[in-house]
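Trainee: One structure is given below, represented as structure tokens, and several questions about it will come after.
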Amino acid sequence: MANWKRALLGVMVNFEERYDDAKFRLRQRLGIGEICLVPYLGHGTATTFYLKGRVLRDKNISSAMEDDSIWLNLLNMYKRYNSDEIPGAVVRARFGDLVEEVTADSEGFFLFELHPSSLPQLDDIWYDVELELVDYPGKAKNPAEPQEVRATGKVIVPPPEAQFGVISDIDDTVLRTDIVNLVAMARNTFLMNAHTRLPFEGVAAFYDALRRGSSNQQNNPIYYVSSGAWNLYDMIVDFFVVRNIPLGPLFMVDFGLTRERFITPSHHEHKVKTIQNLLNTHPTLPFILIGDSGQKDPEIYLEVVSSNPKRILAVYIRDVTLDTRDAQIHLLRDRAKGLGVEMVLVPDTFAAAQHAAEKGFITPEKLAVILKERDEDKEAPTPLEAAVKPDALEMPLADD
């Protein structure tokens, strides 16, 4: 980074820190109000848990409903981005006999790295970690101070019998964002909610089949990597629940200035670092990578394939761009093939599922379920979907 840019960034960061500090001191004097612990879905191994979350003032964001108005969706989105974090909050985690405390950073984020001595026998691959807010600046002056603030964090641990892990993009891979169209992307992000945002057809059934694998057990973990802001976390998780898409840890970004960068880390840097960390955390587990052609997923995944020989089983790229971009991806596909990995450019989820069944990643009988869901997802949109996204009425059904 050039010296003048570094100097400008330093001035901006100093201003932001002073502004945030003054804003928080004012909130302390006025009374912070209700506070909530927001744990994010965690991940780890039998010996190490990673659990991230945030301490925020509760903005009372209403639960999404199918008939919510555009204005209510816009108001809730404003509340998400205008978050009031609680810096310096002390959070306690408890897992069995293991108890640890950490202090949230200036943006209210906290991160636990827990080392349990053993894991209880469960029928699931998710483990509960109990969280409690212990202290925070201004607690004694807060008229809305509750008796206790608690939450339950969940950590996914792939069992020894897991066949592979899945690392998936979110935008234009799981849900429709239209990231190649800025106007459509803004409309989808700000004017829609978990009920009205549309998944890509058949994605829930396909990801469930991958989670079950060829053994038909729910043992294969799925991880989601996005360049979206953590402020959108609750809406994305709600979307997954509403659409029956298998849950997994989300790896998102903190929008804001630091002394090293403006606003956000690069899409490329964030994804490569996150994926490599997951591969390092699970050194014996192979992975399937899923993304789209809209940004740089093919280039990013090729870099991962190159750096991790024999760790990647397949790469699926959903085609959401024009032929000129497809030609570039074909070149990347050939390079991946030279490294022993198939990078498959697919028109829809069912095409990816067909390849997965041929390779033995999923059972062949799941194809009928995925095809049925794909066609059902292509049915006519609701009135609100049509109002927000009128071109949805014009989308033709793809041929089988």
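The values are calculated or read from the model by the stated rules, or taken from the named source; none is laboratory data. These numbers come from a predicted model, not from an experiment.
Trainee: Quick check on the range 198-218: of everything there that is assigned to a loop (DSSP other than H, G, I, E, B) and not polar (S, T, N, Q), which residue is farthest from Gly291 (Cα to Cα)?
Mentor: Among those that are assigned to a loop (DSSP other than H, G, I, E, B) and not polar (S, T, N, Q), it is Gly213.
Trainee: Continuing with the same structure: Does the range 159-182 contain any residue that is at pLDDT 50 or above and closer than 30 Å to Val90 by Cα?
Mentor: no
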